[in-house]
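The structure appears below as structure tokens.
Read-outs throughout are calculated quantities, based only on the coordinates presented, and are distinct from any laboratory measurement. Quantities reported herein were computed from a predicted structural model and do not represent experimental measurements. No Cβ is skipped: glycine too gets one built from the backbone with ideal geometry, and neighbour counts run over all protein chains shown.
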Amino acid sequence: MKILITGSCGFIGTNFINHLLKTDFDGKIIGVDNLSSGYYLEKVHGRIEQHITDVRDAKSISPLFEGVDQVIHLAGLVSIQQCEKDMYGAIDNNVMGTVNVLDACERYGVKKIIAPETAAVYEDCGEGPYVETQMDPVTIYSTSKAMAGLLIKSFHKTRGIDYTLLRFFNVYGELQDWKRLVPPASAGFAIRFLQGKKPVIFGNPEKRRDFVHVDDVVNFLDMCLQDKRTDNETYNVGTGTSRSLVEMMKEIADILKVPYDGYISMPEINGEAFNIFANIGKARLLGWNPTVSFRTGHEKLLSHLKTLHEEGVFPSDFMDNINVSEIKI
């Protein structure tokens, strides 16, 4: 099998490639990434055919699809805040980038595309757990990803390209992008604790999220490559449980063996749902189940972050000088 992965140097892309290499994947892996937020790791990307280019550059990426069997399309703009501030960039990355990938798939006879549609499409669906037949996006980010999903379905119906759409919930784990304006909660809380500071919370601290470890996500991606039952279906990829941000902060503090002394409160980020968690019954019918517990997954992540902290990787003013006007939508 010959597969092409866009966003190959990002958080999920790098973990997935590493997973394939460890399992002796019997095929060829082509990576595409513009390194706008990802990192080239020699021990991972040096072992595949990695191209530093952009899915928005159709002429550059199209020839790379020749002979490819399946595409895993992970490239895109994933920050809610960045998408709101730059809606043209959001559409260019998440919609037009997907159009270029789909056009190349058709041109070179790619059999299947696997792509994340995002759990953010449930933003205005009320209380969870959510099922895959629901969708009501609010933000530019979720709307642009929903548009990409609809385009993928259109190419299946009109061009015969198979697909699997994945609605990832709050994915965490090693290589999380902690440099975002609003970092993922797991990394954001932990880094602040490691620096002896209170974590920062935006809005209601009782908000609940479904945290799924990246190892469980890559296992499902692997299943989508191999299992024909996933063809032309949409799946929630979460744990089916939710945890409040307060509960999360306290558990992270406990793992790090540091005192929990409250948090710094910042204004709500508009458009965010209060309680997000998945109904994963459809994925479970395939035999997939999340296996990494919140505690175990965070022990692995925090061990990684502690090493980076000891190496002086994190800036001393991490999340100290956040400009709320840049975050508020």
### Task
With all distinct Cα pairs included, what does the Kirkwood hydrodynamic radius of region 140-259 come out to in Å, to one decimal, could you say?
16.6
### Query
For the chain, what does -39500 (n - 2.57) per DSSP helix run (n ≥ 4), summed and divided by total residues, give at 222 nm, in deg cm²/dmol to the nearest 500?
-10500 deg cm²/dmol
## Note on the structure
region 1-87: spread of alpha-carbon positions along the three principal axes, whole Å, largest first, is 42, 26, 19
### Task
Return a whole-number percent for the relative contact order of region 144-245, with Cα pairs under 8 Å and 6 or more residues apart as the contact set.
39
## Note on the structure
Over all Cα pairs of region 278-320, the Kirkwood radius sets Rh, and Rg/Rh then becomes 1.26
#### Entry: Eligible lysines near K2 by straight Cα distance, threshold 23 Å, same-chain separation 8 or greater
K22, K28, K43, K59, K111, K112, K153, K228
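Compute the relative contact order of the chain as a whole-number percentage, counting only Cα pairs closer than 8 Å that sit 6 or more residues apart in sequence. Each step should come with its number before you reach the end.
Numbers: 611 pairs, mean separation 55.8, N = 329.
For the chain, the relative contact order is 17 percent.
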### Query
Given the options I91, I48, I264, which has the most mean-square fluctuation in a GNM of the chain, springs set between C-alpha atoms less than 10 angstrom apart?
I264
### Value of D in µm² per second that Stokes-Einstein yields for region 171-329, Kirkwood Rh from Cα pairs, at 37 °C (0.692 mPa s)
194
### Message
Which residue, H309, M266, Y172, has the largest displacement toward the positive end of the dipole of the chain when charges sit on each Cβ (Lys, Arg +1; Asp, Glu -1)?
### Response
Y172
### Task
Please report the relative contact order for region 28-68, taking Cα pairs under 8 Å with a sequence separation of at least 6, and give it as a percent rounded to a whole number.
44
## Note on the structure
Expressed in angstrom and rounded, the centroid-to-centroid distance over alpha carbons for region 88-158 and region 211-272 is 20
### Message
Just to confirm a number: summing +1 for Lys and Arg and -1 for Asp and Glu over residues other than H213 whose beta-carbon lies under 10 angstrom from that of H213, what do you get?
### Response
-2
## Note on the structure
Here the FRET efficiency for E106 versus E49, based on Cβ atoms and R0 = 25 Å and rounded to 0.05, is 0.70
## Note on the structure
Sorted on mean Cβ neighbours within 10 Å (highest first), peptides 156-169, 72-85, 126-139 come out as 72-85, 156-169, 126-139
